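Below: one structure, written as structure tokens.
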Amino acid sequence: MLKHKCQTMKQVIAYIGFTLLFILLLYYKQLNEHDLILDAIVSIGLMAGFYWKYDTLKQDNWSSLALFAAVILHNTHLYGSAPFGIRFDHYMHYFAGFAIAIVVDRYFYERLTKLQRFILLSLIALGLGAIGEIAEWLGYGILGSGKGFFYYGIGDEGEWRNAVLDMIFDLAGGLTMAVISFLRKK
């Protein structure tokens with residue numbers, strides 16, 4: 001019964017997540033925003049791969065919800081805003097680091113000690129954040145300025161300063177999940 005409820009919730013999260021991503025894709029297509037269309041297509045592909053490997057990766061509804069939320073949040077492309085005086089980019093990187101860490105936590109939960117997971121979650125959130133910054137840098141070098149992940153644009157201010165701040169927020173999100181995992185009983 002519980003497993004059936006978890007499977008149903010997994011499907012509900014995926015259905016809502018993919019629906020929102022497709023709506024954003026159609027919206028950006030309507031606006032003729034090719035840069036953002038690329039982001040949405042890549043996001044749909046990544047989330048389809050995650051959904052396909054969900055059981056192999058030992059995921060649960062919380063990790064699925066966090067990852068879908070992070071990907072959808074990125075695709076809303078609110079990078080020019082600053083809710084509560086903090087740039088949206090910082091929120092995005094914090095939440096991305098958290099989402100990455102929760103996915104990694106679920107995969108390694110039974111394989112590593114609490115301390116090993118704490119270190120791993122922090123380093124993977126930081127490492128994948130650094131890989132993202134390198135991808136942005138390469139995208140800028142190859143594709144130039146524009147909107148979306150693969151281009152240099154809104155949200156990417158100050159070149160190296162921006163990259164370092166982004167990685168700090170990735171690490172902060174990863175550390176938040178690492179502390180939760182460390183303090184969690186079961």
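The values are calculated or read from the model by the stated rules, or taken from the named source; none is laboratory data. Keep in mind that this is a model prediction, so the values were computed, not measured. In this analysis, Cβ positions are derived from the backbone assuming ideal geometry, glycine residues included, and neighbour counts consider all displayed protein chains.
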In the range 57-81, anything surrounded by fewer than 16 Cβ atoms within 10 Å (Cβ to Cβ) and more than 21 Å from L121 (Cα to Cα) is listed as T76, G80, S81
Looking across the range 26-57 at residues that are part of a helix (DSSP H, G or I) and polar (S, T, N, Q), the single one that is nearest to D105 (Cα to Cα) is S43
For the range 6-33, the count of residues that are within 17 Å of N75 (Cα to Cα), of a type outside the set (V, I, T) and surrounded by 13 or more Cβ atoms within 10 Å (Cβ to Cβ) equals 11
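I'd like the full set of residues that are among the β-branched types (V, I, T) and more than 15 Å from the chain's Cα centre (by Cα), limited to the range 52-83.
T56
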Q) Looking at the range 91-113, is at least one residue among the hydroxyl-bearing types (S, T, Y), loosely packed, with under 14 Cβ neighbours inside 10 Å, modelled with pLDDT of 80 or more and out of contact with any Phe, Trp or Tyr (no Cβ under 9 Å at 6 or more places or on another chain)? A) yes
By residue number, the members of the range 70-81 that are in a helix (DSSP H, G or I) and either in contact with a Phe, Trp or Tyr (Cβ under 7 Å, 6 or more places away or on another chain) or over 12 Å from I100 (Cα atoms) (or both) are A70, I72, L73, H74, N75
Requested in this report: Might you let me know whether the range 113-124 holds any residue that is outside any helix (DSSP H, G or I), under 15 Å from I180 (Cα atoms) and free of Cβ contacts under 8 Å to residues at least 12 places away in the same chain?
Outcome: yes
Quiz item: Looking at this structure, is G139 in a loop (DSSP other than H, G, I, E, B) and either at pLDDT below 80 or aliphatic (A, V, I, L, M) (or both)?
Solution: no
Only unsatisfied item for I23, checking (1) touching a residue at least 24 places away in the same chain (Cβ under 8 Å); (2) over 17 Å from the mean Cα position of the chain (by Cα); (3) part of a helix (DSSP H, G or I), is (1)
Given the conditions (1) buried (at least 18 other Cβ atoms within 10 Å of the Cβ); (2) without any contact (Cβ under 8 Å) to a residue 12 or more places away in the chain; (3) among the basic types (K, R), every one holds for K53 apart from (1)
Practice task
Could you check, for the range 165-181, whether at least one of its residues is surrounded by 13 or more Cβ atoms within 10 Å (Cβ to Cβ), at pLDDT below 80 and out of contact with any Lys or Arg (no Cβ under 6 Å at 6 or more places or on another chain)?
Solution key: no
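Looking for something without any contact (Cβ under 8 Å) to a residue 24 or more places away in the chain and out of contact with any Cys (no Cβ under 7 Å at 6 or more places or on another chain) - is there at least one such residue anywhere in the range 59-72? Before you say what the answer is, go through the steps one by one.
At the first step, the residues of the range 59-72 found to be without any contact (Cβ under 8 Å) to a residue 24 or more places away in the chain are none.
Within the range 59-72, not a single residue is without any contact (Cβ under 8 Å) to a residue 24 or more places away in the chain and out of contact with any Cys (no Cβ under 7 Å at 6 or more places or on another chain).
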All conditions in (1) surrounded by fewer than 19 Cβ atoms within 10 Å (Cβ to Cβ); (2) in a helix (DSSP H, G or I); (3) in contact with a helix residue (DSSP H, G or I) (Cβ under 8 Å, 6 or more places away or on another chain) are true of F84 except (3)
Of the residues in the range 87-112, those that are part of a helix (DSSP H, G or I), acidic (D, E) and without any contact (Cβ under 8 Å) to a residue 60 or more places away in the chain come to none
